[in-house]
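The structure follows.
Read-outs: derived from the displayed coordinates by stated rules, not from any lab. Everything numeric in this text was worked out from a predicted model, so none of it was measured. Neighbour counts run over all protein chains shown; Cβ positions are idealised from the backbone, glycine included.
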Amino acid sequence: MAGAEGIARRLLLLAASAALGGCGFRPLYGGGNEVDAGVQARLAEVNVQLIPERSGQLLRQALQARLERGGAPVARRYDLSVQYGLSAEAIGIQQDSSGSRVRLVGVANWALLAQNAQRSTLVSGSAREVDAVNVINQQFFAAELTSTAVQRRMVEAVAEQITTQLAVYFARKPTA
């Protein structure tokens, strides 16, 4: 029965992708057609400014990887200023008042600035990601590894949100 269910899911996915293609759906960046190439070229012109703290460094690296996409170096026309903060709160409390689960919230406020004399703000926005990590009693090394993995996952999600927001801006404003 599981085989028939798997085939049905594949057929449903195939039908959905055909329907999306018929309605004009296409990716904003990284797709390969002329509009997508134009948006990707504009994204490559964005210089990501330094972001403080270790999580900010990880966010900057993730943004650079998405914006540049391994292409040839291009002249930078824009600066991306990002303020990123990570907060934590205990959401699972033991009887001895120690935390057993911690919710992490990452918030990035960003602004795209023109590299002109006025340093005018072209567009701004925010991105937010929430995740959680279990704190196992007396397992400090495991908790640190898990926390680091969660922070990296959150940074990747925030970078994807920012990149998508920038791609939408460039798709709507082809000549900014």
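Please report, in whole Å³, the volume per residue of the convex hull around the C-alpha atoms of region 89-176.
107 Å³
Of the listed peptides 146-152, 85-91, what is their order by residue-averaged count of other C-beta atoms within 10 Å, with the highest listed first?
146-152, 85-91
How would you classify region 112-155 from its alpha-carbon gyration tensor, with a ≥ b ≥ c the square roots of the eigenvalues: rounded for a/c under 1.5, else prolate if a/b is greater than b/c, otherwise oblate?
Prolate shape, in that a/c is at least 1.5 and a/b is the bigger ratio.
Taking R0 as 25 Å, what FRET efficiency do you get between R153 and Q83 from their Cβ-Cβ distance, rounded to the nearest 0.05?
Between R153 and Q83 the formula returns 0.80.
Report ³J(HN,Hα) in whole Hz for each residue of region 142-147, in order, from the Karplus equation J = 6.51 cos²θ - 1.76 cosθ + 1.60 where θ = phi - 60°; Gly and Pro get x.
For region 142-147, the Karplus-derived couplings read 5, 5, 5, 4, 5, 4 Hz, x marking Gly and Pro.
Here is a follow-up. Compute the distance in nm between two label points, each set 7 Å from the Cα along the Cα-to-Cβ direction, one at Q139 and one at S97.
Distance between the two pseudo-spin positions: 2.5 nm.
Check V135: other-chain or 5+ apart residues with amide H under 5 Å from its amide H, H built from backbone geometry?
Close amide H contacts, sequence-distant or interchain: R101, V102.
May I ask you to compute the full-extension gain from Q64 to A41, defined as 0.36 nm times their residue separation minus their alpha-carbon distance, rounded to one decimal in nm?
6.9 nm
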